[in-house]
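Before anything else, here's the structure in question.
The values are calculated or read from the model by the stated rules, or taken from the named source; none is laboratory data. Please read these numbers as outputs of a predicted model, since none were measured by experiment. Because the Cβ atoms are built from the backbone with ideal geometry, glycine has one as well, and the counts that use them run over all protein chains shown. Just so you know, the surface numbers come from the protein's heavy atoms only, side chains and all, with ligands and any DNA or RNA stripped out. Shrake-Rupley method; radii C 1.70, N 1.55, O 1.52, S 1.80 Å.
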Amino acid sequence: MASTVSDRPGYGQLLRTPGAWTFLLPGFAARQPFAMLTIGIVLLVQHTTGSYGSAGAVAAVTGVSMALFAPQTGKLADRFGQRAVLLPGVLVHTASVSGLTALALAGAPMWALFAAAVPTGASVPQIGPMVRSRWAAVLGAAPGREASPLMSTAAAFESVTDEFTFVIGPVLATALCTGVHPAAGLIAEAALTLFGGLFFAAQRATQPAVRNAGSAGSQPHTSALSIPGVRVLAVAFLGIGAVFGGMQVSLTAFAEEIGSPGANGLLYGVFAAGNMLAGIACGAIAWKTGPRRRLIAGYAALTLTASGLWAVHSVPLLAGLGLLVGLSIAPALISGYTLVEALVPGSARTEAFTWLTGAVALGQAAAVTVAGQLADAHGASTGFLVPLVGTVLALVTLVALRSRLLPKVSGRTVARGIGHRGPVTVD
């Protein structure tokens, strides 16, 4: 249930937050390559090996590596500052992607591609979590007190920004790989990472303050993963990763099957556009239901819409259903990130966001591997079963463990809805 009350802070007020634009524009440029990496690897390795299974496996190693290292990157950023982590990170990532590209073009054995994929994934700059942490810092979010009404709007805005990159990134990477050279997508990803990442790192004024242990007013160190709600959200976000990975590989295989490889970018763009449009709507609505209930409802809708993908065999129908799947993702993503604001102290918030980002990457890695093997063996339609299975498992987890998503202060559950000016049940 929702209403659009006029006194609700919206995007206009959010974007007038002092200092916001100094990290928003660089952050947008720096996160653009993230949406290009997996599809760039899949298209290049499939071109050089002729196998979607091999391409998916290399992309999966990259995703697993990112999932394992991203939380450590977030923890280091919380401890030493974002700039200290980003500067070496973007340099390592650029070099790693360049090495992986050269090996693939040289026809290197699979073990060499796997070896190169590890540092490629481990060094992916965690721009999205860092931007979200900057929002939390400038808006003064903290557990145990009334959240800023703008926090939910900021979460929605970031989801829209993420999905806008996923509208542009895969289409750009596909166009470069199919129209210029199979390696052009990854080359562009490396260049954008280098310049965008350095630009974002240069914005020092808005990065969250480093909280040294023992300093006056510092919060005690808390590992984000020690919070039960973060663990539940991380498992749930594996399902979102399964949707992204399964859609990327299966749409690519479907476009190849019908003899129109260029349709891949269009189909994935429609899917991502649905996510972006839903994100815009979520940020413009004054929700009267709490983020926990919205999270479960979003996953239920995602499961329902993903259930028909495997049975569709025409471009218009697949585009329409893909749009519905995309529309269902944003509510789940936004609600999950909004819950983090209430569950996690500022001293561990970047780490918490990177656990969720890493979970998406891990789910995506598993999905591209399984969907690639299924597409090779049984055709593109079977690859679409991967998003369905992933979302079903995530929904079951959320329903079973939903009590762990309630924020607690001093042993007492706080029933406040994020984005409201008064008490509201988290349900």
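Residue by residue, here is whether (1) part of a helix (DSSP H, G or I); (2) within 22 Å of residue 50 (Cβ to Cβ) holds:
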residue	(1), (2)
158	yes, no
171	yes, no
174	yes, yes
178	yes, yes
182	no, yes
186	yes, yes
193	yes, no
196	yes, no
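Out of the helices (runs of 4 or more DSSP H) lying entirely within region 22-108, which hold 3 or more residues that are over 22 Å from residue 169 (Cβ atoms)?
Values: elements: 34-49, 52-80, 82-105.
It comes to 52-80, 82-105.
Determine whether region 26-43 contains at least one residue that is in contact with a helix residue (DSSP H, G or I) (Cβ under 9 Å, 6 or more places away or on another chain), open to solvent by 30 Å² or more (accessible area, probe 1.4 Å), of a type in the set (Gly, Ala, Ser) and over 25 Å from residue 386 (Cβ atoms).
The answer is yes; a qualifying residue exists.
Can you pull out the residues in region 381-421 that are open to solvent by less than 20 Å² (accessible area, probe 1.4 Å) and modelled with pLDDT under 80?
407, 417, 418, 419
Quick one: which of 289, 305 is out of contact with any helix residue (DSSP H, G or I) (no Cβ under 7 Å at 6 or more places or on another chain) and over 17 Å from residue 237 (Cβ atoms)?
Details: 305 fails: out of contact with any helix residue (DSSP H, G or I) (no Cβ under 7 Å at 6 or more places or on another chain).
Within the list 289, 305, the selection yields 289.
Scanning region 151-184 for residues that are among the hydrophobic types (A, V, I, L, M, F, W, C), out of contact with any Leu (no Cβ under 8 Å at 6 or more places or on another chain) and farther than 22 Å from residue 10 by Cα, which turns out most open to solvent (accessible area, probe 1.4 Å)? Give the derivation first.
As a first pass, look at region 151-184 and keep what is among the hydrophobic types (A, V, I, L, M, F, W, C): 151, 154-157, 160, 164, 166-168, 171-173, 175-177, 180, 183-184.
Then keep just the ones that are out of contact with any Leu (no Cβ under 8 Å at 6 or more places or on another chain); that gives 155-156, 160, 164, 166-168, 172, 175-176, 180.
Remaining after also requiring farther than 22 Å from residue 10 by Cα: 166-168, 172, 175-176, 180.
Working: 166: 19, 167: 32, 168: 60, 172: 66, 175: 55, 176: 40, 180: 108 Å².
Filtering region 151-184 for residues that are among the hydrophobic types (A, V, I, L, M, F, W, C), out of contact with any Leu (no Cβ under 8 Å at 6 or more places or on another chain) and farther than 22 Å from residue 10 by Cα, the one most open to solvent (accessible area, probe 1.4 Å) comes out as 180.
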